Amino acid sequence: MKSYPLGEIASRLNLRLIGDPDCQIQGLGTLASANTGDISFLSNISYLRQLSKTSASAVIVEESQADLVPTNALIAEQPYVAFAHVSQLFAEQSEVAAGVHASAIVADSVSLGEGVYIGANAVIEDDVEIGANSSIGPGTVLGRGVRVGDNCRLHAQVTLYHAVRIGSRVNIHSHAVIGADGFGFAFDGERSIKIQQLGAVWIGDDVDVGAGTTIDRGAIEDTIVEDGVKIDNQVQIGHNCHIGAHSVICGCTAIAGSAKIGRYCVLGGASGMVGHLCLADGVQVSAMSLVNKSITEPGTYSSGTGQMKVADWKRAIVRFQQLDSIARRLKDLERLIDADDRAR
Amino acid sequence: MKSYPLGEIASRLNLRLIGDPDCQIQGLGTLASANTGDISFLSNISYLRQLSKTSASAVIVEESQADLVPTNALIAEQPYVAFAHVSQLFAEQSEVAAGVHASAIVADSVSLGEGVYIGANAVIEDDVEIGANSSIGPGTVLGRGVRVGDNCRLHAQVTLYHAVRIGSRVNIHSHAVIGADGFGFAFDGERSIKIQQLGAVWIGDDVDVGAGTTIDRGAIEDTIVEDGVKIDNQVQIGHNCHIGAHSVICGCTAIAGSAKIGRYCVLGGASGMVGHLCLADGVQVSAMSLVNKSITEPGTYSSGTGQMKVADWKRAIVRFQQLDSIARRLKDLERLIDADDRAR
Amino acid sequence: MKSYPLGEIASRLNLRLIGDPDCQIQGLGTLASANTGDISFLSNISYLRQLSKTSASAVIVEESQADLVPTNALIAEQPYVAFAHVSQLFAEQSEVAAGVHASAIVADSVSLGEGVYIGANAVIEDDVEIGANSSIGPGTVLGRGVRVGDNCRLHAQVTLYHAVRIGSRVNIHSHAVIGADGFGFAFDGERSIKIQQLGAVWIGDDVDVGAGTTIDRGAIEDTIVEDGVKIDNQVQIGHNCHIGAHSVICGCTAIAGSAKIGRYCVLGGASGMVGHLCLADGVQVSAMSLVNKSITEPGTYSSGTGQMKVADWKRAIVRFQQLDSIARRLKDLERLIDADDRAR
């Protein structure tokens, strides 16, 4: 178990410490769950009540809340960001040493940087290049001509199809599939004729890809995911999409082909986006909403209805289906009353 | 092919038999599809018409329907539950004998109970413990320190990340991923800083996990799935969720982080739940509905609109976007007419 | 890099050429992105403006647009279909030669046709039959008794459970799981009792299955996917579904058990379908719509609301929940005004 004196944490993160620099910190916790020896944080005023009762041995807060901390305090401009940095001090050591497991199948033409780890039963096909200190998990398959940058971590059982290129410091979780064929068919009146998917996938630096996520290769040009994009589990990104830098795509989101998403966008969980649409920079889409028109202004967009008890909901959806008639009848009444008024 | 005299089925399940105990039963069928030699069941009155015409050699019914069965009958309080038990008599033998396949990669520090099977190309990392009679499918990867109870079945190509613990009699289908990092980042104004996911996943006894389902490890504490929970395919369960015992989560459901779901809940297919919300025990959510507020009373909840022909729907959604204005105009008319009435 | 004289492309596809038969074509492009040496197409009048400015060396168009092409033209009745056929000329050679990789685990009882390829670390269990020229990717697992037809391509890390049968010319992308147990349980009042899933999955010829898609085995009879069906990524098809020939199912669609889908249907991305419902031939469902009633007439069907700015949307959903009351109040006003009119 790791342990750091609080003073060391403060100096590593360049935060002001109010309290005991020798206090040993052994773990992290929320204000409500933390025990003695844990460090916690306050980033949301709605948890202020929990601050006075916390058992944490130190709390990261903004300057303005410093007086309210009942224990040691670290002062940060962005307490949640500081907590993220602290969490990295407590991450487990990478469990893998460098080296190629004896059971891995690595083609002769593969180029491996220094410190690369290749796990058991991984399959690395011809002409793959893997940068320094990257780690390839057990059972992962890298197709012909794949390029992986430095300091990447591909967990167990990832699949990268041929010619996929990923940058440095990219994490890809298990069962993600990058570079499968885009869904392109031309219907000739009787059957669907496959359009060969001749592009690839290009992924920038500092990208995270969640478990079970699929990112298809382009039909002609590449599918592109820019630097710093964070993608959660079970997301589908269709062929020829372009995801702008630092955008965040939450779990189970479905993005159809050729969508263009700006920088610093956030797509909420299980949201959807119709193909060939564009989002401006800074657009946020709420959970389970469908983007069915391009969005040119930043802001938050939603669709759907709120949850209701099923009996009320059944009445509401009957009325939803009558909505056009309701609106017309209202208009008729307004005309009639307006005429009455004038007649009087 | 298996075959049982009907009398043996009756005595194994402790059901009353009306008819021929020597009738050989070789399989199962619905009332409409069953052939001679099959056993069927009636649990839903709407299928009563099919009962008189069935070709089944025996039908499981409630006492009150016994007279309507045109062939041998087994009397059960819950015919569908009895049918589930009968189905287990016809399940294929586990196709696997105990033993470790020569191609499996098993670390020296692994502890295997009696009767354990490890399939071809499976990878079992350091300090894993697997209980008696559990079966690990081909290509499955168990990370460092994983604990698997007794009589579990992990199918081919499952991934359990380090330190995941599962109880006994747990079934996990192919390409499920348990214990990948939760989706936690702190945004510092320019980029997303990863919050290390230091918790694990704890799964109780008698849990089923469907193919392609992902259950993320907790940020600080564990993600928890209690006993008897049944999870279908392609479900996403975010970090720090807590799923109460015997709840049922249908396919493609997306549950964001830190959601708390009570006992005996049912989440319909492709439903969604926003993070940090709670469901009371016994809540049911209908297919493709979004839970966007906590629910404190049992009952069924829904969202969305019913399906419509696209031309009608396009008119309705225009009106949906005018709904607030429609409601205000209606209120104005009501005031006007009320004023008229009073004036008269 | 492949290259063909335009005249050869014209004659292979049986298209009329207007222009230079010796022009070398080296790749494909959209009208906007194509470079010299590329062939492009016009199938949608809305791209007509791009035609005059294209850098492509040849464009496939309908007869009526021939005069508008500023370079070489190929005349086709269905330009997009012709483009699909051309794309196949530029597909990379199958990267795999016939043969069984030394690391593959192939049971003695397996039957392999001529020209079959089995990739590294694939696991082929007892009694599997694989037809001529089929290719099984690295790490793919075929369970006991699986049948694969001729000229199939299973990419890396596909899982087919026991007894699944697929036809010829079927493509299955990575991490697809075919034949996992359907989600069948009988609730006895305290816990869910598993109903053994004793059927299998039957897939016809010329079917495509996307990455991460799951198709469950039937409870009693087989789940069936007919010829020519195209299924995108992360689709879930429940047990005992029947998908009619040449239907198209876009990404992330969730189809509950026992659904019957006709021929030539199109289910849009992330759409859903409640179990036990039927779709007639030729039904189209728009993106993210839920089918909650059977549909007996061809046409397009939708559900949901259009996207809105979040502030407007919040007002609209409050009104949605008041819709029944709004409709009743409108009716009351209509009655009142009608009475007034009669009174006058």
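The values are calculated or read from the model by the stated rules, or taken from the named source; none is laboratory data. In this text, all values refer to a predicted model and were calculated from it rather than measured experimentally. Please note: Cβ atoms are built from the backbone with ideal geometry, for glycine as well, and neighbour counts cover all protein chains shown.
Among the residues of segment C:113-138, those that are within 15 Å of B:HIS101 (Cβ to Cβ), part of a loop (DSSP other than H, G, I, E, B) and either within 14 Å of chain A (Cβ to nearest Cβ) or out of contact with any Asp or Glu (no Cβ under 9 Å at 6 or more places or on another chain) (or both) comprise C:ASN121, C:ALA122.
If you filter segment C:295-314 down to residues that are hydrophobic (A, V, I, L, M, F, W, C) and within 8 Å of another protein chain (Cβ to nearest Cβ), you find that the one that is surrounded by the most Cβ atoms within 10 Å (Cβ to Cβ) is C:TRP313.
Take B:ASP206 and decide whether it is under 12 Å from the mean Cα position of the chain (by Cα) and surrounded by fewer than 23 Cβ atoms within 10 Å (Cβ to Cβ). Answer is yes for this residue. Summed over segment B:59-91, residues that are away from chain C (no Cβ under 14 Å) and in contact (Cβ under 8 Å) with a residue 60 or more places away in the chain total 3.
Looking at B:ILE224, is it within 13 Å of chain A (Cβ to nearest Cβ), in contact with a Phe, Trp or Tyr (Cβ under 9 Å, 6 or more places away or on another chain), closer than 21 Å to C:SER192 by Cβ and at pLDDT 95 or above? Criteria not met by B:ILE224.
I'd like the full set of residues that are closer than 16 Å to A:LEU17 by Cβ and either in a helix (DSSP H, G or I) or over 29 Å from the mean Cα position of the chain (by Cα) (or both), limited to segment A:69-92. Give the derivation first.
Restricting attention to segment A:69-92, the residues satisfying the condition of being closer than 16 Å to A:LEU17 by Cβ are A:69-77, A:79, A:82-83, A:85-86, A:89.
If the condition is that a residue be closer than 16 Å to A:LEU17 by Cβ and either in a helix (DSSP H, G or I) or over 29 Å from the mean Cα position of the chain (by Cα) (or both), then A:VAL69, A:PRO70, A:THR71, A:ASN72, A:ALA73, A:PRO79, A:ALA82, A:PHE83, A:HIS85, A:VAL86, A:LEU89 are the ones that fit.
Please specify each residue of segment B:209-240 satisfying the condition of being buried (at least 24 other Cβ atoms within 10 Å of the Cβ) and either of a type in the set (Ser, Thr, Tyr) or over 30 Å from A:ASP205 (Cα atoms) (or both). B:VAL209, B:GLY210, B:ALA211, B:THR213, B:THR214, B:THR223, B:VAL225, B:VAL229, B:ILE231, B:ASP232, B:ASN233, listed by residue number. When segment A:139-153 is filtered for residues that are within 14 Å of chain B (Cβ to nearest Cβ) and assigned to a strand (DSSP E or B), the ones remaining, listed by number, are A:VAL141, A:ARG153.
When you scan segment A:322-333, do you find a residue that is aliphatic (A, V, I, L, M) and more than 12 Å from chain B (Cβ to nearest Cβ), even just one? Scanning segment A:322-333 turns up no residue that is aliphatic (A, V, I, L, M) and more than 12 Å from chain B (Cβ to nearest Cβ).
Of the residues in segment C:189-201, at least one is assigned by TED's automatic domain parsing to the domain that holds C:ILE249, small (Gly, Ala, Ser) and in contact with an Asp or Glu (Cβ under 6 Å, 6 or more places away or on another chain). In segment A:104-116, the count of residues that are free of Cβ contacts under 8 Å to residues at least 40 places away in the same chain and within 24 Å of B:ASP181 (Cα to Cα) is one or more.
Every residue in segment A:154-172 that is part of a loop (DSSP other than H, G, I, E, B) and either closer than 23 Å to C:GLY119 by Cα or among the acidic types (Asp, Glu) (or both), please.
Initial filter on segment A:154-172 (part of a loop (DSSP other than H, G, I, E, B)): A:155-158, A:161-164, A:167-170.
A:HIS155, A:ALA156, A:GLN157, A:VAL158, A:TYR161, A:HIS162, A:ALA163, A:VAL164, listed by residue number.
If the condition is being more than 7 Å from chain A (Cβ to nearest Cβ) and either surrounded by fewer than 22 Cβ atoms within 10 Å (Cβ to Cβ) or touching a helix residue (DSSP H, G or I) at 6+ places or on another chain (Cβ under 9 Å) (or both), then segment B:271-294 contributes B:GLY275, B:HIS276, B:LEU277, B:CYS278, B:ALA280, B:ASP281, B:GLY282, B:GLN284, B:SER294.
As a summary of the residue check, C:ASP232 satisfies the conditions (1) within 14 Å of chain B (Cβ to nearest Cβ); (2) at negative phi; (3) in contact with an Asp or Glu (Cβ under 7 Å, 6 or more places away or on another chain) except for the one numbered (3).
Within segment A:35-57, being in a helix (DSSP H, G or I) and in contact with a strand residue (DSSP E or B) (Cβ under 8 Å, 6 or more places away or on another chain) holds for one residue alone: A:LEU51. How about segment C:159-180: which of its residues are more than 15 Å from C:ASP222 (Cα to Cα) and either within 16 Å of the chain's Cα centre (by Cα) or more than 9 Å from chain B (Cβ to nearest Cβ) (or both)? Passing the criteria: C:SER168, C:ARG169, C:VAL170, C:ASN171, C:ILE172, C:HIS173, C:SER174, C:HIS175, C:ALA176, C:VAL177. Answer with yes or no whether C:ILE317 is more than 8 Å from chain B (Cβ to nearest Cβ), buried (at least 21 other Cβ atoms within 10 Å of the Cβ), of a type outside the set (Gly, Ala, Ser) and over 20 Å from the mean Cα position of the chain (by Cα). Taking the combined requirement at face value, the residue satisfies it. Taking the criterion of being crowded, with 21+ Cβ neighbours inside 10 Å and not acidic (Asp, Glu), the residues of segment A:172-191 that qualify are A:ILE172, A:HIS173, A:SER174, A:HIS175, A:ALA176, A:VAL177, A:ILE178, A:GLY179, A:ALA180, A:GLY182, A:PHE183, A:GLY184.
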